[in-house]
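What follows is one structure encoded as structure tokens, with my remarks underneath.
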Amino acid sequence: MKKLLLFNLLLLPLFLCSQITLPEITVGDQQTEMPDSIKRIGAYINANKQNILYVGIYNPVSIDVIGIPEEEIKVTCANCIAKKYRGMAYDIYVKPKSQGKAQIMLHHNSEMIRKQAFRIEQIPNPVPMLGKHPGGLIGGGEFKAQLGVRAWLLKFPYDAKYEVLGYDMTYAPEKEAHTRLKNAGARFSEEITAYVQKAQTNDIYIFDSIQVKGPDKQIRMLSPIVYKIK
């Protein structure tokens, strides 16, 4: 009787193991199918050129969401405006005078699935020039061919333009009295053009009080530019 009882006790663990269902194991490239309720969702927000949003212009941003149809994603923005232009590509417009950070948020079925903050920066000041010349020595013929003052953004990743509102020009010939004139807009007035055509060797022309307006609608005063005729 004791031997029979001992034999049954030895068989009990084998019987219990036969009733347990072991989980399916993934080997190599073979993967078990996960229930839809626990599939992972990947959501990404990337500024196309820099991890910065500039005030007053449309900043291109790409959005990528894995596991949710594109049409079910809603994009909202804090301190900015999101405008869809193709697929999951958006233009993010930062309002003038905005500071700090802008937040872009992705929603699905009223649930926020991603939020990302971007630093806000002002567009840098442009460089005033006559044609492609930022100042210094210039040939008389080349100087006389110029039509007005331009404002260029150098090494800026976006196509942002500045409007020249006006400036003053001082004509300082080598042997005559100085003359100071005002100009409205970028293009030389008839009066300033007449003085530009007088350019002779060693004459100096100073353009200052240069006012410009950028995409952010802010009016800025730029540094003077000085030319000496060769």
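The values are calculated or read from the model by the stated rules, or taken from the named source; none is laboratory data. None of the values given here were measured: they were computed from a predicted structure. Note: ideal-geometry Cβ built from the backbone for every residue, glycine included; neighbour counts use all protein chains shown.
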Note on G214: of the conditions (1) under 26 Å from the mean Cα position of the chain (by Cα); (2) at pLDDT 95 or above, unmet is (2)
If we keep only residues of the range 135-183 that are under 30 Å from D216 (Cα atoms), charged (D, E, K, R) and at pLDDT below 95, then the residue nearest to the chain's Cα centre (by Cα) is D159
Counting only residues in the range 183-201 that are part of a loop (DSSP other than H, G, I, E, B) and free of Cβ contacts under 8 Å to residues at least 40 places away in the same chain, the one surrounded by the fewest Cβ atoms within 10 Å (Cβ to Cβ) is identified as G185
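Quick grid of which residues meet (1) outside the structural domain of C77 (by TED's automatic domain parsing); (2) hydrophobic (A, V, I, L, M, F, W, C):
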{"position": "N109", "(1), (2)": "no, no"}
{"position": "M112", "(1), (2)": "no, yes"}
{"position": "K115", "(1), (2)": "no, no"}
{"position": "K132", "(1), (2)": "yes, no"}
{"position": "G136", "(1), (2)": "yes, no"}
{"position": "G140", "(1), (2)": "yes, no"}
{"position": "F143", "(1), (2)": "yes, yes"}
{"position": "Q146", "(1), (2)": "yes, no"}
Counting only residues in the range 142-175 that are of a type in the set (D, E) and within 28 Å of I57 (Cα to Cα), the one surrounded by the most Cβ atoms within 10 Å (Cβ to Cβ) is identified as E163
The one condition P96 fails out of (1) under 16 Å from the mean Cα position of the chain (by Cα); (2) closer than 30 Å to P69 by Cβ is (2)
I66 fails exactly one of (1) surrounded by fewer than 17 Cβ atoms within 10 Å (Cβ to Cβ); (2) in the same structural domain as D168 (by TED's automatic domain parsing), namely (2)
Checked the range 66-83 for anything part of a strand (DSSP E or B) and either at pLDDT below 90 or closer than 23 Å to F156 by Cα (or both); matches are I66, I81, A82, K83
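Report whether or not N59 is on the phi > 0 side of the Ramachandran plot, surrounded by 14 or more Cβ atoms within 10 Å (Cβ to Cβ) and in contact with a strand residue (DSSP E or B) (Cβ under 9 Å, 6 or more places away or on another chain).
Taking the combined requirement at face value, the residue does not satisfy it.
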Checked G148, G141 against criteria (touching a strand residue (DSSP E or B) at 6+ places or on another chain (Cβ under 7 Å) and not hydrophobic (A, V, I, L, M, F, W, C)); the one match is G148
Listed by range, strands (runs of 3 or more DSSP E) wholly within the range 101-174 having at least 1 residues that are of a type in the set (D, E, K, R) are 101-108, 111-121, 149-152, 163-172
Sole miss for E191 among (1) at pLDDT below 95; (2) out of contact with any Phe, Trp or Tyr (no Cβ under 8 Å at 6 or more places or on another chain) is condition (1)
